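Inspection log for the structure reproduced underneath, given as structure tokens.
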Amino acid sequence: MAGHDDDVTAAGLIRRALDLLYLGAGFAAGIFLVAIFAIMMVMSVGRQFAFNIPAGDDFASWCMAAMAFLGLAHTFKRGEMIRVGLLLERLHGRTKQIAEIVALGIAAAFILYFTRHAVQMTYDSWRFNDVAQGVVALPLWIPQLGFASGLAILSIAVADEMVNVLRGNRPSYEKGSPDESPEEFVERISQGGGG
């Protein structure tokens, strides 16, 4: 009995840690969004006073890449990522579960492929001491960390979701009820719910 309680506690801790990881990545994406806004505003207002941020465009671009990739896992797990579910929406029961597993498997393969190369690129930039070619000679691995980290966290999220579906649970990214009518779906989407 004590072994079962330990398993439940460990599973709960892992679940909490993963959810915090996705949420933390989402918050980091939000911070980079605010940084983009701040850089662009300072650059715009600074022009009026002959003030310029050296490599401001580069910093805004790096922040944009970090924002986009760090936000992927949180967006995926919340069901806000655009999915084309025309086939999956028409399936039910075990057939739908198998189709979800196949779709998640294909997604995981592609994302792991890109993650591997993003991490390798970041590691190579660090290993070879690559620096940005702009005004500020920033080591390239620093801005590449956001890109590689975002993909790594998305890989974890897709694997997490696949385990969830393999256990027979409903995908966390699926919003509406299985019996939702097309009118209810349109109404939910028009009110800001994910598809």
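The values are calculated or read from the model by the stated rules, or taken from the named source; none is laboratory data. These figures come from a predicted structure and were not determined experimentally. Positions of Cβ are generated from backbone atoms using ideal geometry, with glycine treated the same way; all protein chains shown enter the neighbour counts. Keep in mind that these areas ignore ligands, DNA and RNA; they rest on the heavy atoms of the full protein, side chains included. Shrake-Rupley method; radii C 1.70, N 1.55, O 1.52, S 1.80 Å.
Observations, loosely collected:
- Per-pair calculated FRET efficiency, R0 = 25 Å: Ala10 and Ile98 via Cβ, rounded to 0.05: 0.30
- Between the C-alpha center of segment 124-159 and that of segment 18-76 there is a gap of 15 Å.
- Compared with the direct C-alpha span, the chain from Ala132 to Val163 gains 7.2 nm at full extension, assuming 0.36 nm per residue.
- For segment 30-104, the extents of the C-alpha atoms along the principal axes are 64, 15, 15 Å, listed from largest to smallest.
- Under Karplus coefficients 6.51, -1.76 and 1.60, residue-wise ³J(HN,Hα) of segment 30-39 in Hz, glycine/proline x: x, 5, 5, 5, 5, 4, 4, 4, 5, 4
- Taking every protein chain into account, the 1.4 Å probe leaves Glu89 with about 100 Å² of accessible area, to the nearest ten.
- Label-to-label distance, nm, for residues given as Gln120 and Asp57 (7 Å Cα→Cβ offset): 3.2 nm
- Two-site FRET efficiency, Ser172 against Met64, from Cβ-Cβ distance with R₀ of 22 Å, rounded to 0.05: 0.20
- Other residues whose C-beta falls under 14 angstrom from the C-beta of Ile106 contribute a net charge of -1, scoring Lys and Arg +1 and Asp and Glu -1.
- Segment 42-80: chymotrypsin sites (Phe, Trp or Tyr not before Pro) falling in loop per DSSP and having at most 15 other Cβ within 10 Å: Phe49, Phe51
- Distance in nm between pseudo-label sites at Ile82 and Ala50 (7 Å out along the Cβ direction from Cα): 4.6 nm
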